[in-house]
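This report refers to the structure that appears directly beneath it.
The values are calculated or read from the model by the stated rules, or taken from the named source; none is laboratory data. The structure displayed is predicted, hence computed values, not measured ones. Counting neighbours? That spans all protein chains shown, and the Cβs are built from the backbone with ideal geometry, glycine included.
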Amino acid sequence: MEGSDAIGKVSGAALRGLQIASAWSVCFVKKKATGFALRKAKKKLDAATSMLGMEIYALYRRGEGEILNSPLITGQLQTVQEAESRLLDLQARADAIEEEYRKKKNAVSAKQG
């Protein structure tokens, strides 16, 4: 009888380990894909911010007094805001993936008791 109890405990631990490994691998793939998207979004935000700075400086050099009322600047500001919003959405998605993995791991570990 004691041998079967030990086998049951070992097989249960192996199953939990397999479930955690499976959840980790899914999390890993999702995080990698989101990481690529995050890096791309950061590059786009950097480019949009750079373009905004270039436009502001060009208007300043021309002696434009109302820089913020310029259609070029408002367009660039909108582009920067959209890029920033995309970046924040991706960061929230990455955080959600991490939290989902943590919940799955805790649920599998809770079954142990």
If the requirement is being touching a helix residue (DSSP H, G or I) at 6+ places or on another chain (Cβ under 9 Å) and part of a helix (DSSP H, G or I), which of these qualifies: Ala21, Ala37? Ala37
Tell me yes or no: at least one residue of segment 69-87 is exposed (fewer than 13 other Cβ atoms within 10 Å of the Cβ) and hydrophobic (A, V, I, L, M, F, W, C). no
In segment 59-107, residue farthest from Ala21 (Cα to Cα) [restricted to those that are without any contact (Cβ under 8 Å) to a residue 12 or more places away in the chain and hydrophobic (A, V, I, L, M, F, W, C)]: Ile67
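Quick one: which of Lys32, Lys40, Lys111, Lys9 is surrounded by 13 or more Cβ atoms within 10 Å (Cβ to Cβ) and of a type in the set (Lys, Arg)?
One residue alone meets the criteria, Lys40.
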Are any of the residues in segment 64-87 modelled with pLDDT of 90 or more and basic (Lys, Arg)? yes
Being among the hydrophobic types (A, V, I, L, M, F, W, C) and in a helix (DSSP H, G or I) is the filter here; which residues of segment 63-91 pass it? Leu72, Ile73, Leu77, Val80, Ala83, Leu87, Leu88, Leu90
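Among the residues of segment 57-68, how many are surrounded by 12 or more Cβ atoms within 10 Å (Cβ to Cβ) and among the charged types (D, E, K, R)? Spell out how you get there, then give the answer.
Filtering segment 57-68 down to residues surrounded by 12 or more Cβ atoms within 10 Å (Cβ to Cβ) leaves 58-59, 64, 67.
Imposing the further condition that a residue be among the charged types (D, E, K, R) reduces the set to 64.
Number of matching residues: 1.
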Only one of Tyr60, Tyr101 is at pLDDT below 90, farther than 30 Å from Lys9 by Cβ and part of a helix (DSSP H, G or I). Can you tell me which? Tyr60
Working only within segment 92-108, note down all residues that are surrounded by 14 or more Cβ atoms within 10 Å (Cβ to Cβ) and under 16 Å from Arg39 (Cα atoms). Arg93, Ala94
So Leu45 clears everything in (1) over 30 Å from Gln76 (Cα atoms); (2) touching a residue at least 12 places away in the same chain (Cβ under 8 Å) except one condition, right? Which one? (1)
With criteria (1) aliphatic (A, V, I, L, M); (2) loosely packed, with under 12 Cβ neighbours inside 10 Å; (3) under 21 Å from the mean Cα position of the chain (by Cα), Leu18 comes up short on (3)
Being in contact with a Ser or Thr (Cβ under 7 Å, 6 or more places away or on another chain) and among the small types (Gly, Ala, Ser) is the filter here; which residues of segment 1-59 pass it? Ala48
